[in-house]
Amino acid sequence: MTSYRHDPVVPYEESSLSKTEQVADMFDKIAPRYDFLNRFLSGGIDLWWRKRAIRRLLNRPHAEILDVATGTGDMALMMQRRLSPRKITGLDISEGMLALGRQKIASRGLSGQIELVCGDSSALPFPQGSFDAVTVAFGVRNFEYLERGLSEILRVLRPGGMLVVLEFSRPRGLSGRLYSWYMGRVCPILVSLFSRNKRAYTYLGHSIEAFPEGARFTAILDKVGYVGAHARAMTLGICSIYTGVKAQ
């Protein structure tokens, strides 16, 4: 299995834990502030990105959807409102994030439509061909085993089912320099005002830099077995939507 440069990027370099264990621990720690910091640091534009990603599923089968790296369930809740599928299953490795997500879902009376489960992308706890669609919003760069996770998603998709990945990318030119300055200098300062875990957001920047974005990521989707892999950059290249389909 090919090892990509993002694989060694971990939140705590001095730790002997695996990347998966470190990421789970990191998100457990930042869970109480996660939703607020997402909105604050992105100026709310992440909500628009999510809506654009969800639109990819509007005219496709989506009765049963899996949301990998669901966190506190933001993407699952938005899909429930916009797509009204029969069932959404959200999966994440952080029990702390899932606990908050279950509270949000219960408060909206949607516990019967959205289920959150703890699990790892490298060994999804679902039978083959369980879902019409799978989404991953800002989580694929946290996969310890990228190709294995994408292969697992392909396994649980039904023939003709679509994977939609929403992930940060790196702008070029002046926009890229401004973005690097924001992520490297401004973001840690802002995070320090509201959270004691600056290291988590330092990891965020490093993981974005190491992620095989654009054509490199679509090439990985092709290699794993998806058809029609496609990438679309948004907002000057800060974020990208990737799609791939399981062959009929």
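Below is a table of values for the structure above.
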| item | result |
| --- | --- |
| Of the criteria (1) closer than 16 Å to residue 121 by Cβ; (2) surrounded by 20 or more Cβ atoms within 10 Å (Cβ to Cβ), which one residue 18 fails | (2) |
| Output for the stretch 95-118, where each listed residue is of a type in the set (Val, Ile, Thr) and touching a Pro at 6+ places or on another chain (Cβ under 8 Å) | 117 |
| Test: residue in the stretch 143-156 that is surrounded by 20 or more Cβ atoms within 10 Å (Cβ to Cβ), in a loop (DSSP other than H, G, I, E, B) and within 12 Å of the chain's Cα centre (by Cα) | yes |
| Hits in the stretch 30-44 (condition: among the charged types (D, E, K, R) and at pLDDT 80 or above) | 35 |
| Output for the stretch 180-210, where each listed residue is among the small types (Gly, Ala, Ser), over 21 Å from the mean Cα position of the chain (by Cα) and either part of a loop (DSSP other than H, G, I, E, B) or at pLDDT 70 or above (or both) | 195 |
| Answer from 107, 94, 84 - the residue that is polar (S, T, N, Q), surrounded by fewer than 17 Cβ atoms within 10 Å (Cβ to Cβ) and farther than 18 Å from residue 133 by Cβ | 107 |
| Restricting the stretch 229-248 to residues that are closer than 23 Å to residue 154 by Cβ and of a type in the set (S, T, N, Q), the residue that is surrounded by the fewest Cβ atoms within 10 Å (Cβ to Cβ) | 248 |
| Qualifying positions in the stretch 45-82 - under 14 Å from the mean Cα position of the chain (by Cα) and polar (S, T, N, Q) | 70, 72 |
| Selection within the stretch 202-219 - in contact (Cβ under 8 Å) with a residue 60 or more places away in the chain and in contact with a helix residue (DSSP H, G or I) (Cβ under 6 Å, 6 or more places away or on another chain) | 207, 211 |
| Any hit, the stretch 52-65, residues being touching a helix residue (DSSP H, G or I) at 6+ places or on another chain (Cβ under 7 Å), part of a strand (DSSP E or B) and either at pLDDT 85 or above or not small (Gly, Ala, Ser) (or both) | yes |
| Complete set of residues in the stretch 209-223 that are in contact with a strand residue (DSSP E or B) (Cβ under 9 Å, 6 or more places away or on another chain) and under 16 Å from residue 243 (Cβ atoms) | 213, 214, 215, 217, 218, 219, 220, 221, 222 |
| Residue match in the stretch 108-122 (condition: over 26 Å from residue 182 (Cβ atoms), in contact with a Cys (Cβ under 7 Å, 6 or more places away or on another chain) and not in a loop (DSSP other than H, G, I, E, B)) | no |
| Pairs where the first residue, in the stretch 220-248, is under 12 Å from residue 165 (Cα atoms) and in contact (Cβ under 8 Å) with a residue 60 or more places away in the chain and the second is of a type outside the set (Ser, Thr, Tyr) and assigned to a helix (DSSP H, G or I), C-beta under 6 Å, 6+ apart | 239/49; 241/53; 242/217; 244/221 |
| Residue in the stretch 149-167 that is farther than 15 Å from residue 210 by Cβ and modelled with pLDDT under 95 present | no |
| Filter result (part of a helix (DSSP H, G or I) and out of contact with any Asp or Glu (no Cβ under 6 Å at 6 or more places or on another chain)) within the stretch 69-88 | 74, 77, 78, 79, 80, 81, 82, 83 |
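Per-residue answers, yes or no, for (1) surrounded by 18 or more Cβ atoms within 10 Å (Cβ to Cβ); (2) over 14 Å from residue 135 (Cβ atoms); (3) of a type in the set (A, V, I, L, M); (4) in contact (Cβ under 8 Å) with a residue 24 or more places away in the chain:
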| residue | (1), (2), (3), (4) |
| --- | --- |
| 23 | yes, yes, yes, yes |
| 42 | no, yes, no, no |
| 48 | no, yes, no, no |
| 57 | yes, no, yes, yes |
| 72 | yes, yes, no, yes |
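The values are calculated or read from the model by the stated rules, or taken from the named source; none is laboratory data. Since this is a predicted model, take the numbers as computed values, not measurements. Neighbour counts run over all protein chains shown; Cβ positions are idealised from the backbone, glycine included.
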